[in-house]
Amino acid sequence: MDEADPVISVAHWDRAAPGRLMLGKKPVNSPARPIKGPHRERRDTAMAIKSSDFACSTVHATAAEGVEALNDKNFSDFTSFRNAMCARHLDWELEAANPGEYQARMRAHDHYGVVFTDLRFEKMRGYRSDNQIVNSRDAFYVLLFFLEGGEYISQDEDVTLTRSGDIFLWDTSRPLSFESIEVTRCLSTFFPTWMVNQIAPHLQNLSGRRLSGDDKLGAILGNHISVIHDTIDSAPENARPNLLRATLHLAGACFQPASGHSQTTLYQKKLVARIEKHIRENLLDADFGAEACAEAFGISSRYMRRIMKNAGTSFTAFVTEERLSRATEALVNPLLADESITQIAYRFGFCDSAHFSRLFTKRHGKNPRDFRASHIAGPH
């Protein structure tokens, strides 16, 4: 189909009108939530190799409970294929151009928490809904390598046209929509987010990027993906963890930020803004801290601290600044004139009034008592 066809040249699924993708209409970011996922057994197995040396484990990852492992299966109707996609791949909202007479094929297998799928399907389109993302136990970064056909893919407000030979990197914890433009075959390699954090953490800033098959690095990575998909099942058991690690290292070497590329993506800027809002809303909770805040968004505290640092702040600095701002407002509030400075300090999370006084003086150039006296008439 012509690339300029207005029916295909679209970006985002319009959930108000099922079956349509709308250019420029982006699914709303999912709310703060813990990342879950449909494959608990796979995650538990993956944790056996969550170490810096990627040590070999003899335990095999399995499909989710009640889901039959799909080694190689052909489908002659869209409903069966869609159900298999949601069971073995990810939960999707999917629609086919001709669901009654639909041909597709799926091959799926996994090793040590890394999931491999080989899909060939006729034209379809779909999106990951907020609810599906919220209800996923696990988060992955996916290398999507196209062997035939291609798709329009949208993530983080960017629309990308992928063709045969291209590799697309995407994050399953963020909204995404796609529409295939013809019969398409693609190899997907799902790396758990914890593994990406450990081996190639910069990939988190590159979700939504396409590596062209015409690029030398794209050709190298594409050839490797094809070989690893074909041979990982027959590779020696004790070699598989290192092969998986090498694949992720290679992906990290091939996907690099462009010259002058900002360390903070649009998604991360929005995520930092949501984190800051969450901090404000939970500032007075005695049990609230960096770990609880990160968990609310399904990310590690290390990753949260890194993106906040890239945005020019930190969790501790932002919390301290918010507490100081609220304490300052309280000090000049006539309704709180009877509260002591120590009481106000404790009210807003400062356990040491002397420490509060030092921070306050550094910010305002006056200690809390003098500042209060200059704003509220009367003895104190």
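The values are calculated or read from the model by the stated rules, or taken from the named source; none is laboratory data. Just so it is clear, the model here is predicted, and its values are computed rather than measured. Neighbour counts run over all protein chains shown; Cβ positions are idealised from the backbone, glycine included. The protein model used for the area step is the full one, side chains on, heavy atoms only, and it has no ligands, DNA or RNA in it. Shrake-Rupley method; radii C 1.70, N 1.55, O 1.52, S 1.80 Å.
Multiplying the residue separation of A273 and L161 by 0.36 nm and subtracting their alpha-carbon distance yields 37.4 nm. The phi-based Karplus calculation (6.51 cos²θ - 1.76 cosθ + 1.60; θ = phi - 60°) puts the 3J(HN,Hα) values of segment 109-115 at 7, 9, 9, 6, x, 9, 9 Hz, whole numbers, x for Gly and Pro. Seen from S301, the other residues with C-beta closer than 13 Å to its C-beta sum to a net charge of +2, counting Lys and Arg as +1 and Asp and Glu as -1.
Give the carbon-plus-sulfur fraction of the accessible surface of segment 295-355 in %, rounded to a whole number; probe 1.4 Å, heavy atoms of protein chains only.
Reported share for carbon and sulfur atoms: 52 percent.
Each peptide in 129-140, 345-356 was scored by the mean count of other Cβ atoms within 10 Å over its residues; highest first, the order is 129-140, 345-356.
Using the Cα gyration tensor of segment 104-262, with a ≥ b ≥ c the square roots of its eigenvalues, what is the shape: rounded (a/c below 1.5), prolate (a/b larger than b/c) or oblate (neither)? Rounded. Close amide H pairs (under 5 Å, H built 1.01 Å from N) link E182 with G150, residues at least 5 positions away or on another chain. With the convex hull of its Cα atoms as the shape, segment 268-335 has an orientation-averaged projected area of 4.9 nm².
Evaluated over segment 264-380, the count of Lys pairs having alpha-carbon atoms less than 28 Å apart is 6 (only pairs 8 or more residues apart or interchain).
Taking H364, H89 and ordering them by how much accessible surface each has at a 1.4 Å probe, largest first, produces H364, H89.
The largest accessible area among R306, R240 belongs to the first residue in R306, R240, and the rest follow in falling order (1.4 Å probe, all chains). Taking amide H positions as modeled 1.01 Å from N, with prolines and chain starts lacking one, no residue 5 or more places away or on another chain lies under 5 Å from S207. With q set to 0.16, 0.20, 0.28 Å⁻¹, the log10 of I(q)/I(0) for segment 179-229, from the Debye formula over equal scatterers at the Cα positions, is -0.63, -0.97, -1.24. If contacts are Cα pairs under 8 angstrom and at least 6 residues apart, what is the relative contact order of segment 281-380 in percent? Answer for segment 281-380 is 20 percent. Amide H to amide H, with H built 1.01 Å from N, S164 comes under 5 Å of G149, counting only residues 5 or more places away or on other chains.
Can you bin segment 85-190 into rounded, prolate or oblate? Criterion: square roots of the alpha carbon gyration tensor eigenvalues sorted a ≥ b ≥ c, rounded for a/c under 1.5, prolate for a/b above b/c, oblate for the rest.
In terms of gyration-tensor shape, rounded.
Taking max minus min of the alpha-carbon positions on each principal axis, segment 294-380 gives extents of 49, 24, 19 Å, largest first. Backbone phi angles across segment 170-184, fed through the Karplus curve with coefficients 6.51, -1.76 and 1.60 (θ = phi - 60°), yield HN-Hα couplings of 9, 10, 6, 8, 10, x, 8, 9, 8, 8, 6, 9, 6, 4, 10 Hz in residue order; Gly and Pro are listed as x. Count Lys and Arg as plus one, Asp and Glu as minus one, and take only other residues whose Cβ is under 10 Å from that of L144; the net charge is then -1.
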